[in-house]
Amino acid sequence: MILISKHIVPKGYQGITLYPFVFLKQPHLKEDAVLLNHERIHLKQQLELLVIPFYILYVLEFLIRYLQYRSWQKAYANISFEREAYRHEKDLNYLKSRSLFSFLKYYKC
């Protein structure tokens with residue numbers, strides 16, 4: 001379900017996925033197929049990790065990346081879940097062929 005909320009979406013971002021909802025900052029973003037595909041990839045990741053473990057792993061990996069890069073943007077961009085979503089956001093058929101736990105391919109030491 002797609003909802004519009006400029007208050008839930010963090011500053012500097014267009015959308016956020018909190019299973020089972022996709023929150024977008026502006027109504028016109030409902031027409032952005034690439035953004036919606038990116039967020040749907042996150043829905044799939046959250047579902048396969050049974051939601052709560054996804055958030056725990058996401059935050060832990062962010063913290064590790066932040067210590068590694070000392071940069072909020074670099075830490076965010078290097079989270080395995082984000083790397084998968086950004087890598088495939090333009091492939092609107094990706095979710096049809098995506099295998100389980102594909103984000104693991106994007107985890108780097």
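The values are calculated or read from the model by the stated rules, or taken from the named source; none is laboratory data. Keep in mind that this is a model prediction, so the values were computed, not measured. Please note: Cβ atoms are built from the backbone with ideal geometry, for glycine as well, and neighbour counts cover all protein chains shown.
Observations on the structure shown:
- Top-ranked residue of region 63-109 - restricted to ones that are touching a Ser or Thr at 6+ places or on another chain (Cβ under 8 Å) and aromatic (Phe, Trp, Tyr), ranked as nearest to Glu39 (Cα to Cα): Phe103
- In region 17-29, the count of residues that are without any contact (Cβ under 8 Å) to a residue 60 or more places away in the chain, part of a helix (DSSP H, G or I) and in contact with a helix residue (DSSP H, G or I) (Cβ under 9 Å, 6 or more places away or on another chain) is one or more.
- A single member of Tyr58, Tyr66 is under 28 Å from Ser97 (Cβ atoms) and either surrounded by 15 or more Cβ atoms within 10 Å (Cβ to Cβ) or out of contact with any helix residue (DSSP H, G or I) (no Cβ under 7 Å at 6 or more places or on another chain) (or both), and it is Tyr58.
- Look at (1) under 14 Å from the mean Cα position of the chain (by Cα); (2) of a type outside the set (A, V, I, L, M, F, W, C); (3) loosely packed, with under 12 Cβ neighbours inside 10 Å and you find that Glu82 fails only one, number (3).
- Hey, Tyr66 hydroxyl-bearing (Ser, Thr, Tyr), modelled with pLDDT of 95 or more and within 12 Å of the chain's Cα centre (by Cα) or not: no
- Sub-7 Å Cβ pairs linking a first residue in region 34-52 that is of a type in the set (Asp, Glu) to a second residue that is surrounded by 15 or more Cβ atoms within 10 Å (Cβ to Cβ), at least 6 apart or interchain, are Glu39/Gly15; Glu39/Thr17; Glu39/Val22, ordered by first then second residue.
- Whichever residue in region 68-109 is in contact (Cβ under 8 Å) with a residue 12 or more places away in the chain and of a type in the set (S, T, N, Q) and, among such residues, is nearest to Tyr58 (Cα to Cα): Ser80
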